[in-house]
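This report refers to the structure that appears directly beneath it.
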Amino acid sequence: IRSIFPATRQLPFNMVDMPAKNWSRAMEAVHMLLALPFGQFRRHELLRLLTHPNLIGQFPNLDPEEWLQWCDDLKILHGADRRDHADTYIKGELFHWDQGLRRLCLGAFMTGKAAQDRRVFSIGHSQHYLPYEYGQSQLVSAGRLVLMARSLIEDARFCRTARMPLHVWADFFCRLLSTYLVQHEPEDELLLHTCRQLMASMADYDLTKEPVSYRVAYENAIELLADVEVRK
């Protein structure tokens, strides 16, 4: 609906009281962000969030296609680092996000494939990285990708093991949304503000003050977000 009406001679239209989860990209980003700790850091799930308009929008002039190409070239497939491959057939620094991001950092000041340089950078006897060379004009974009990917991974890993009272989780969720998501469409500002208010209201349900897992906090958050509607 959103694409058809503007494309048809700019016909005006109004959608009333639609479930925000199905009709809002901003709400889509909220759900993706909260669900990240339950994933396996596969390339598509993390990149889908990293290149989402409500996340990458905080960095003007960055090209999401560039990030997609880099992750493809760096052979990032799944897993945060070698620990996620501990019980698999994969040996060494292969396919996970940490090796790809390290190669991207090394490429800022070392030559690599672009200069036909196949020398590797080694740490000890087991960690070997081939620098991923790119132009100086791409330094800012590379830095943003490394920063945001590592930050999302660390926050997700923290959630997997943390146990906190519900009112502490409420504050954590508010900070999570404020840190990563920004307005992209005109209606996003109000919608994201509503989401933060709902997250903060979780504190009212903390009757026992006992620590709970992220799963319990997440289920409470999703239940609160279920009734959010969007007017267009």
What list of ³J(HN,Hα) couplings, whole Hz, do you get for region 24-33 from phi and the Karplus terms 6.51, -1.76, 1.60, once you set θ to phi - 60° and write x for glycine and proline?
10, 5, 5, 5, 4, 5, 4, 5, 5, 5
Surface per residue (accessible, 1.4 Å probe) for region 106-232, Å²
58 Å²
For region 80-86, in residue order, the Karplus 3J(HN,Hα) values (coefficients 6.51, -1.76, 1.60; θ = phi - 60°; whole Hz; Gly and Pro = x) are 6, 7, 4, 4, 6, 10, 4
With a Förster radius of 35 Å, plug the Cβ-Cβ distance of Val216 and Leu62 into 1/(1 + (r/R0)^6) and report the FRET value to the nearest 0.05.
0.45
Mind putting a number on the dipole of the chain about its Cα centre? Charges go on the C-beta only, +1 for Lys and Arg and -1 for Asp and Glu, and I need it in Debye to the nearest 20.
660 debye
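Cα gyration tensor of the chain, axes a ≥ b ≥ c as square roots of the eigenvalues: rounded (a/c below 1.5), prolate (a/b > b/c) or oblate? Could the numbers behind the result be given before it?
On the way: a/c = 2.67, a/b = 1.41, b/c = 1.90.
Verdict is oblate for the chain.
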Out of the total accessible area of the chain (probe 1.4 Å, heavy atoms of protein only), what percent is carbon and sulfur?
54 percent
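The values are calculated or read from the model by the stated rules, or taken from the named source; none is laboratory data. Predicted model only: the values in this text are computed from it and were never measured. So basically every Cβ, Gly included, is an ideal-geometry build from the backbone, and we count neighbours across all protein chains shown. For accessibility, only protein heavy atoms count, side chains too; no ligands or nucleic acids. Shrake-Rupley method; radii C 1.70, N 1.55, O 1.52, S 1.80 Å.
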